[in-house]
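Just below is one structure, and these are the notes that go with it.
Any read-out appearing in this document is the output of simple, stated calculations on the displayed coordinates, not a laboratory observation. In this text, all values refer to a predicted model and were calculated from it rather than measured experimentally. Don't worry about glycine lacking a Cβ; one is built from the backbone with ideal geometry, like all the others, and counts go over all protein chains shown.
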Amino acid sequence: SGQTTLYTAPSQTTATGPSWSPDGQKIAFTHTFSGYYDVYVMNSDGTNATNITNASGSYDESPSWSPDGTKIVFKSNRDGNAEIYVMDADGSNQTRITNNNAVDDNPKWSPDGTQIAFESNRDGNYEIYVMDVNGGNQSNVTNNSAYDSYPSWSPDGRKLVFTSSRDESTWWEIYAMD
């Protein structure tokens, strides 16, 4: 059915969480080996897979490209707990943009390039937050007792979709919000 293997991880490693670059020329993904995670980028045909985070001993994962393709946002625990970082698309200039004692995860860049949505448990359970690309103006946009996670922007940037466990009759459902 037109499915092609682009990248096969070496023995006892995995490759997960692929994210296309906006121009379709590159794919960022998480590569797991020896119990640690790094963000890799490869050509869209699967060639030239390159480790761009190179932070041994940490979990660098969940990459998402900026709309102009020059930056990648990702999650890392290199400073002691899971925070959101931004780097240039070649892995340089890795900068932490959240800083708290909670888990911040699954960042997604907005289509206009001005905001990043992510999930965090800083209020006691996982909620969806939105912040400026430099980490400023962090705000909780879901605020309920359920587990809200995996945000994704609509193409026009006016809506977010996410998964939630708020309906107790099912385990997970998809929700949308302005």
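At a glance:
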| read-out | value |
| --- | --- |
| Long-range tail of P(r) for the stretch 73-120 (Cα pairs > 16 Å, %) | 35 percent |
| Using alpha carbons only: equivalent-ellipsoid semi-axes of the stretch 54-178, gyration tensor based, whole Å | 24, 17, 12 |
| Dipole of the chain [Lys/Arg +1, Asp/Glu -1 at C-beta], most positive-end residue of 84, 176, 139 | 84 |
| DSSP loop trypsin sites (Lys or Arg not before Pro) with at most 15 other Cβ within 10 Å: longest gap in the chain | 1-157 |
| Residue-count net charge about residue 144 - beta-carbon cut-off 9 Å; Lys, Arg +1, Asp, Glu -1 | -1 |
| Charge sum, other residues only, whose C-beta stays under 9 Å from residue 166's C-beta, Lys/Arg counted +1 and Asp/Glu -1 | -4 |
| Cα centre as origin, Lys/Arg/Asp/Glu Cβ charges: the stretch 44-114 dipole, Debye | 120 debye |
| Nearby aspartates and glutamates by direct alpha-carbon distance to residue 159 (threshold 12 angstrom, same-chain neighbours under 8 apart not counted) | 178 |
| Extension gain from residue 125 to residue 140, taking 0.36 nm per residue of separation minus the Cα-Cα distance | 4.2 nm |
| Dipole magnitude of the chain, debye to nearest 20 (Cβ charges: Lys/Arg +1, Asp/Glu -1, about Cα centre) | 220 debye |
| Neighbour net charge for residue 157 - beta-carbon separation under 12 angstrom, K R +1, D E -1 | 0 |
| Additional length obtainable on full extension of the chain from residue 175 to residue 99, 0.36 nm per residue less Cα span | 24.6 nm |
| Distance (nanometres) between label positions extended 7 Å along Cα→Cβ at residue 44 and residue 114 | 2.8 nm |
| Relative contact order of the chain, defined on C-alpha pairs under 8 angstrom at six or more residues apart (%) | 11 percent |
